[in-house]
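Engineer: Before I ask anything, here is the structure I am working with.
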Amino acid sequence: MSATLERARGTLAGFERQEITVSGIRTVVHSAGQGTPLVFLHGAGTFTGFAYAQAWTQTHRVIIPYHPGFGESGDDPRIDAIGDYALHCLDLFDALGLGALYLVGYSFGGWMAAETAILQPDRVSKLALVAPAGLVVRDPPAADLMALHPRDVPAHLMHRPERLKPFMPEGHDLEFAALRYREQSALARVVWERPSGNPKLERWLHRLRMPTLLLWGEHDRVRPLAHAARWQAGLPDSRLVVMPDAGHLVLEEAPAAAGHIATFLGEGA
């Protein structure tokens, strides 16, 4: 295992690791805690790890799968649309024996969570979308990270780019570069022709009738905060929480952000 993946796994101290074969693909899942299942769907980069998820294990059974093509899971070149990932998630839920659950998705994982919940809304008791991708908004448009020069990426990911430094390797790290290339390749298979998202997603948001939290960084340059209004217009039961000193990687940049998810999920429990 690469040093980058080892660093990410280090943020999951106390989590149990298991491998499950889903549609012939080795899928690695980390889980910890007790209570209502909380499935967390990560974004398009796993190098920052999952330290923010530790607090959720105090009240929930937290389940963090690596998507095919990402992190420790195997590759599946057959996946070339977001719907494939959504169906993979549902197959994984079945394999894990999960019934009703809380679903939390981050960025690319937020898009995945929305598409998954649209397919089986009765399975998702509450939904939390953190700076979600997927909704096509023309003004202001989403940023295409793959089209940016590498030197411009940190300023798009965090409001204060220096905060990204602890998550980055020192010097030239071939293993880090290889992981990023692999994960970006998996993402590209889904978004290459439609980098902004799914133009049909907005039409089906009305199916997400469960209580939904939208969590956003005020200074998000990847999915600008203005996109939140479009999500809320289509969601029957949603609220928005904005973190004032954060960009796109809001869970890493604003330590209080994970607590807002815990509070939301704990309401009425």
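The values are calculated or read from the model by the stated rules, or taken from the named source; none is laboratory data. Keep in mind the model is a prediction, meaning the values are calculated, not measured. Please note: Cβ atoms are built from the backbone with ideal geometry, for glycine as well, and neighbour counts cover all protein chains shown.
Engineer: Taking only pairs six or more apart or across chains, which ones have beta-carbon atoms under 6 Å, a first residue in the stretch 183-199 that is farther than 15 Å from A143 by Cβ, and a second residue that is of a type in the set (D, E, K, R) and assigned to a loop (DSSP other than H, G, I, E, B)?
Structural biologist: R189/D80
Engineer: Here is a further query. Can you confirm whether D75 is acidic (D, E), more than 26 Å from A178 (Cα to Cα) and touching a residue at least 12 places away in the same chain (Cβ under 8 Å)?
Structural biologist: no
Engineer: If you scan the stretch 146-179, which residues turn out to be within 24 Å of D75 (Cβ to Cβ) and part of a helix (DSSP H, G or I)?
Structural biologist: M146, A147, P150, V153, F167, L174, E175, F176, A177, A178, L179
Engineer: Continuing with the same structure: I need the full set of residues from the stretch 236-251 which are closer than 19 Å to W111 by Cβ and crowded, with 22+ Cβ neighbours inside 10 Å, in order please.
Structural biologist: G247, H248, L249, V250, L251
Engineer: Of the residues in the stretch 36-57, how many are surrounded by fewer than 19 Cβ atoms within 10 Å (Cβ to Cβ), assigned to a helix (DSSP H, G or I) and modelled with pLDDT of 95 or more?
Structural biologist: So the answer is 3.
Engineer: Moving on. Name the residue, out of A143, A131, A155, A95, that is aliphatic (A, V, I, L, M), closer than 16 Å to A254 by Cα and surrounded by fewer than 24 Cβ atoms within 10 Å (Cβ to Cβ).
Structural biologist: A155 is the lone residue from the list that is aliphatic (A, V, I, L, M), closer than 16 Å to A254 by Cα and surrounded by fewer than 24 Cβ atoms within 10 Å (Cβ to Cβ).
Engineer: Would you check which residues across the stretch 61-77 are out of contact with any helix residue (DSSP H, G or I) (no Cβ under 9 Å at 6 or more places or on another chain) and under 11 Å from E19 (Cβ atoms) and list them?
Structural biologist: Y66, S73, G74, listed by residue number.
Engineer: Could I ask something else about it? Have a look at E193, E253 and point out the one that is at pLDDT 95 or above and out of contact with any Leu (no Cβ under 6 Å at 6 or more places or on another chain).
Structural biologist: It is E253.
Engineer: Further question on the same structure: Here is a list of conditions, (1) among the hydrophobic types (A, V, I, L, M, F, W, C); (2) assigned to a loop (DSSP other than H, G, I, E, B); (3) within 16 Å of V191 (Cβ to Cβ), and L98 meets all of them except one; can you say which number that is?
Structural biologist: Every listed condition holds for L98 apart from (3).
Engineer: Going by the structure shown, is A177 loosely packed, with under 15 Cβ neighbours inside 10 Å and of a type in the set (A, V, I, L, M, F, W, C)?
Structural biologist: Here the answer is yes, as A177 does meet what is asked.
Engineer: Can you find a residue that is touching a Phe, Trp or Tyr at 6+ places or on another chain (Cβ under 6 Å) and of a type in the set (G, A, S) anywhere in the stretch 103-116?
Structural biologist: no
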